[in-house]
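Structure, as structure tokens:
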Amino acid sequence: MGNRMVIALGGNAIQLGNGSTAAEQREACYHTAEQLVSIIRNGYEIVLAHGNGPQVGNIILQNQISQCEKLPAMPLDTCGAMSQGMIGYWLQSALYEVFKQQGIEKETVTILTQVQVDKEDQAFQNPTKPIGSFYTKEEADKLQEEKGYTMVEDAGRGFRRVVASPKPINIIEKNVINSLLNQQVVVVATGGGGIPVTICGSHLEGVEAVIDKDFASEKLAELVDAETLLILTAVEKVAINYGKDNEQWLSELSVEEAEEYIKEKHFAPGSMLPKIEAAITFAKSKPGRKVIITSLDKANVAVEGRTGTVISA
Ligand SMILES: Nc1ncnc2c1ncn2[C@@H]1O[C@H](COP(=O)(O)OP(=O)(O)O)[C@@H](O)[C@H]1O
Ligand SMILES: NC(=O)OP(=O)(O)O
């Protein structure tokens with residue numbers, strides 16, 4: 001098996017600030033493709049995973065605004081599938097262009113990915129995953145009353161809808177993803193954490209949830225036997241005492257240290273915490289596996305070992 005890497009793209013790889021038009025998000029994806037090209041050129045077998053929080057929330061809203069008898073709103077699993085197709089298209093198109101410009105003979109394909117979850121997962125009783133736009137308190141109260149949404153305050157930035165976020169158990173399309181990697185194809189997979197499904201006999205049942213993309217990327221990295229999980233976000237390194245006077249940026253983090261820092265609450269739930277939890281799971285899953293957390297613009301330098309936070313057993 002070659003040198004495999006799963007790259008989990010954070011929100012800013014697809015959407016910069018509030019730029020939510022197709023042109024603006026395509027521009028962000030093009031920038032992402034430019035940042036990743038030298039890693040791809042260096043011979044890694046790459047799977048790109050990505051989030052979908054803002055996009056799936058917007059698809060749901062578009063569905064509801066246009067809803068009428070002849071245009072029924074689609075359920076959340078189907079909206080998740082739409083977001084995978086849309087973002088996969090933008091990434092495929094951006095990589096096609098950058099490969100052509102740089103004379104790289106590679107193809108990219110997006111796999112619509114279904115991810116198995118447990119229907120008894122406690123997450124269904126306690127929705128925690130913020131999706132879509134931010135609202136004022138008054139707007140949030142109205143949505144809660146009219147649509148029955150659960151709305152919560154999100155890190156001082158306003159109110160957002162939260163949905164269930166069960167843990168990924170298995171990736172239904174793992175074999176085809178592995179085959180494509182063996183053929184040196186760049187694969188976009190498990191977008192938006194994957195489409196959550198439960199297995200009911202011979203039937204896959206889509207469920208109303210959004211899986212965390214860091215946990216899904218970790219599962220994917222295990223199932224394709226990757227050596228590295230590269231988590232790209234908005235910060236160059238992980239910090240302890242983040243945002244405080246005694247903030248300390250970390251270059252290396254052992255699993256034991258990470259577990260201790262979680263207990264001391266150094267990582268914000270819903271943002272850095274799932275990345276660290278995913279990193280611990282992956283680093284523990286097999287000797288030699290490591291996770292790098294860094295920013296999109298430092299991805300190359302971090303893969304060369306010159307920045308980022310490396311988490312290993
Ligand atoms: N301990 C920490 N160290 C570094 N960043 C942290 C920490 N705790 C919270 N963060 C915040 O978490 C953000 C990453 O989470 P988020 O924006 O949700 O991820 P994503 O890039 O996957 O969309 C960082 O940009 C940073 O603002
Ligand atoms: N599905 C998911 O985790 O998306 P975000 O990373 O955009 O929140």
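Amide H contacts of residue 238 (H built 1.01 Å from N, in plane; Pro and chain starts excluded): 250, 309 sit under 5 Å, all sequence-distant by 5 or more or on other chains. Connecting C-alpha atoms closer than 10 Å in a GNM of the chain, tell me which of 53, 19, 192 has the biggest fluctuation. Result: 19 has the largest fluctuation of those listed. Using the Cβ-Cβ distance between residue 172 and residue 107 with R0 set to 22 Å, the FRET efficiency works out to roughly 0.45. Out of 74, 151, 82, any idea which swings most in a Gaussian network model of the chain, alpha carbons joined below 10 Å? Most flexible of the set in this elastic network: 74. Under a Gaussian network description of the chain, with springs only between Cα atoms under 10 Å, the residue in 268, 33, 164 that fluctuates furthest is 268.
Among residues other than residue 214 with Cβ under 14 Å from its Cβ, the summed charge is +1 (Lys and Arg +1, Asp and Glu -1).
The spread of Cα positions in the chain, taken along each principal axis and listed from longest to shortest, comes to 52, 47, 42 Å. Applying 1/(1 + (r/R0)^6) with r as the Cβ-Cβ distance of residue 179 and residue 136 and R0 = 51 angstrom yields a FRET efficiency of 0.55.
Residues whose amide H falls under 5 Å from that of residue 188, counting only those 5 or more places apart or on a different chain, are 48, 109, 110, 111, with hydrogens built in the peptide plane.
Relative contact order for the chain: 21 percent, from Cα pairs under 8 Å spaced at least 6 residues apart, divided by residue count.
Neighbour counts of other C-beta atoms within 10 Å: give me 257, 227, 69 arranged from fewest to most.
In order of increasing Cβ crowding within 10 Å: 69, 257, 227.
With R₀ set to 30 Å, the beta-carbon distance separating residue 21 from residue 128 gives a calculated FRET efficiency near 0.55. The fewest-to-most ranking of 66, 83, 271 by surrounding Cβ atoms within 10 Å reads 66, 271, 83.
Shape class of segment 10-85 from the alpha-carbon gyration tensor: prolate, with a/c at 1.5 or above and a/b greater than b/c.
Here's how it looks for residue 173: its modeled amide H is under 5 Å from those of 114, which are all 5 or more places away or on a different chain.
If you sort the three axes of the alpha carbon gyration tensor as a ≥ b ≥ c, you get a/c of 1.5 or more for segment 102-163 and a/b no higher than b/c, which makes it oblate.
Taking a ≥ b ≥ c as the square roots of the eigenvalues of the Cα gyration tensor of segment 221-313, is the shape rounded (a/c under 1.5), prolate (a/b larger than b/c) or oblate? Verdict is oblate for segment 221-313. Its Cα gyration tensor gives segment 62-119 an equivalent ellipsoid; the semi-axes, largest first and in whole Å, are 32, 17, 6.
Read-outs: derived from the displayed coordinates by stated rules, not from any lab. Bear in mind the structure is a predicted one, so any value in this text is a computation, not a measurement. Please note: Cβ atoms are built from the backbone with ideal geometry, for glycine as well, and neighbour counts cover all protein chains shown.
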